[in-house]
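Novice: Quick one: the structure is below, questions incoming.
The values are calculated or read from the model by the stated rules, or taken from the named source; none is laboratory data. Just so you know, these numbers come straight off a predicted model, no measurement behind them. Positions of Cβ are backbone-derived with ideal geometry, glycine not excepted, and every protein chain shown enters the neighbour counts. Only protein heavy atoms, including side chains, enter the accessible area calculation; ligands, DNA and RNA are left aside. Shrake-Rupley method; radii C 1.70, N 1.55, O 1.52, S 1.80 Å.
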Amino acid sequence: MKVRLFEIFTSVEGEGILYGTKTLFVRLAGCPFTCFYCDSLEALPMDSGNEYSIQESYNLIDKKLEDNTYKVNFTGGEPLIQYEGVLEMAKYVKSKNIPTYLESSCYDSDKFSKVLPFIDYVKIEFKTPDSQFVDSKHYSKLIENALKCLQDSVESKKTTYIKIVVSSKTELEEFKKLLDKIFIKVSKDNLSGFIIQPTYGIAEPSLEKLLKLYDLVFPFYNEVRVIPQLHKFIGAP
């Protein structure tokens with residue numbers, strides 16, 4: 001088996017419920033989707049990065065792993081594109097008693113279910129229609145898959161949280177529709193967090209809009225947080 005990796009590096013986690021933790025990031029290459037705010041454009045081409053055997057990927061992880069690392073984060077690109085590689089690397093990391101973390105758009109619930117047993121922390125990233133992740137024709141299928149991944153993660157007793165990136169383009173009505181779909185499927189008691197993440201450097205939402213989005217989530221989940229990408233403020237990758 002081969003896996004194509006764009007980079008492996010240690011940094012400070014700048015997003016989500018585990019922000020501030022020392023993390024080994026394993027960035028897989030390749031993503032066919034088109035979010036307008038993507039901040040890892042160089043990792044999107046399917047032929048970006050370098051191809052390694054699974055054993056070589058283990059060696060790279062060992063080489064880059066630093067003392068006191070809190071977790072290993074499998075990111076991208078879109079890591080589920082290479083779900084078999086993620087599965088094997090996550091299994092290896094867990095054998096070293098280090099927590100594993102997956103950040104994914106969860107576009108494919110079948111691939112997600114294969115990886116899930118070897119992941120400790122799951123970030124389910126729901127996309128709004130304005131994200132341009134997929135066209136309108138395929139958007140409902142994307143949400144259907146993300147909801148199934150959310151249910152599977154919760155039922156598997158994983159530490160599960162939701163993140164939604166918002167921008168000046170985000171429509172309140174569409175955001176509310178997405179919330180309704182999410183909280184029909186899961187209880188607030190099953191979630192470890194709900195993060196509203198504003199875009200950075202492109203179509204940034206106003207404070208007024210962020211507060212309105214916060215107010216939409218609060219009745220469903222009163223521990224909602226607005227958290228930007230904090231690593232960018234300290235110049236971390």
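Novice: How many of the residues in the range 99-126 are acidic (D, E) and open to solvent by 40 Å² or more (accessible area, probe 1.4 Å)?
Specialist: Initially, the range 99-126 is screened for residues acidic (D, E), giving 103, 108, 110, 120, 125.
Still in the running and open to solvent by 40 Å² or more (accessible area, probe 1.4 Å): 110, 120.
So the count comes out to 2.
Novice: Look through K177, K148 and report the one residue that is open to solvent by 50 Å² or more (accessible area, probe 1.4 Å), over 22 Å from E15 (Cα atoms) and free of Cβ contacts under 8 Å to residues at least 24 places away in the same chain.
Specialist: Working: K148 fails: free of Cβ contacts under 8 Å to residues at least 24 places away in the same chain.
Being open to solvent by 50 Å² or more (accessible area, probe 1.4 Å), over 22 Å from E15 (Cα atoms) and free of Cβ contacts under 8 Å to residues at least 24 places away in the same chain holds for just one of K177, K148, which is K177.
Novice: Looking only at the range 55-75, which residues are open to solvent by 80 Å² or more (accessible area, probe 1.4 Å) and acidic (D, E)?
Specialist: So the first thing to find is which residues in the range 55-75 are open to solvent by 80 Å² or more (accessible area, probe 1.4 Å), and the list is 55-56, 59, 63-64, 66-68, 70.
E56, E66, D67, listed by residue number.
Novice: Another question, then. Return the residues of the range 106-116 that are under 9 Å from N145 (Cβ atoms) and of a type in the set (G, A, S); say none if nothing qualifies. Can you show your working first?
Specialist: Applying the first criterion (under 9 Å from N145 (Cβ atoms)) to the range 106-116 yields 106-110, 112.
S109 - this is the single residue of the range 106-116 that is under 9 Å from N145 (Cβ atoms) and of a type in the set (G, A, S).
Novice: Which of the residues that make up the range 7-23 are open to solvent by less than 40 Å² (accessible area, probe 1.4 Å), under 23 Å from I162 (Cα atoms) and touching a residue at least 60 places away in the same chain (Cβ under 8 Å)?
Specialist: Of everything in the range 7-23, those that are open to solvent by less than 40 Å² (accessible area, probe 1.4 Å), under 23 Å from I162 (Cα atoms) and touching a residue at least 60 places away in the same chain (Cβ under 8 Å) turn out to be S11, E13, G14, E15, G16, L18, T23.
Novice: Next question, about the same structure. Name the pairs: first residue in the range 127-139 and surrounded by fewer than 15 Cβ atoms within 10 Å (Cβ to Cβ), second residue part of a loop (DSSP other than H, G, I, E, B) and of a type in the set (V, I, T), Cβ to Cβ under 9 Å, at least 6 apart or on different chains?
Specialist: D135/T34
Novice: Right, next: If K96 satisfies all but one of (1) at pLDDT 95 or above; (2) of a type in the set (D, E, K, R); (3) open to solvent by less than 70 Å² (accessible area, probe 1.4 Å), what's the number of the condition it fails?
Specialist: Tallying (1) at pLDDT 95 or above; (2) of a type in the set (D, E, K, R); (3) open to solvent by less than 70 Å² (accessible area, probe 1.4 Å), K96 fails exactly one: (3).
Novice: Moving to a separate point now. Can you give me the number of residues within the range 196-211 that are part of a loop (DSSP other than H, G, I, E, B) and over 16 Å from S131 (Cβ atoms)? It would help to see each step written out before you state the result.
Specialist: We begin by selecting, within the range 196-211, every residue part of a loop (DSSP other than H, G, I, E, B); these are 199-206.
Right, trim to over 16 Å from S131 (Cβ atoms) and you get 206.
Residues meeting the conditions: 1.
Novice: Take the range 188-237 and flag every residue that is surrounded by 15 or more Cβ atoms within 10 Å (Cβ to Cβ) and of a type in the set (V, I, T).
Specialist: Listed by number, the residues that qualify are I195, I196, T199, V217, V224, V226, I227.
Novice: Of a type in the set (K, R) and in contact (Cβ under 8 Å) with a residue 40 or more places away in the chain: is that true of K158 in this structure? Step through it out loud before you land on a result.
Specialist: On the way: of a type in the set (K, R): yes; in contact (Cβ under 8 Å) with a residue 40 or more places away in the chain: yes.
Yes; evaluated as a whole, the condition is true for this residue.
Condition check ((1) among the polar types (S, T, N, Q); (2) modelled with pLDDT under 95; (3) in contact with a Ser or Thr (Cβ under 6 Å, 6 or more places away or on another chain)) across all residues:
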| residue | (1), (2), (3) |
| --- | --- |
| F33 | no, yes, no |
| L65 | no, no, no |
| Q82 | yes, no, no |
| L87 | no, no, no |
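Novice: Quick check, is K169 under 17 Å from the mean Cα position of the chain (by Cα), open to solvent by 30 Å² or more (accessible area, probe 1.4 Å) and not β-branched (V, I, T)?
Specialist: Against the criterion (under 17 Å from the mean Cα position of the chain (by Cα), open to solvent by 30 Å² or more (accessible area, probe 1.4 Å) and not β-branched (V, I, T)), K169 does not qualify.
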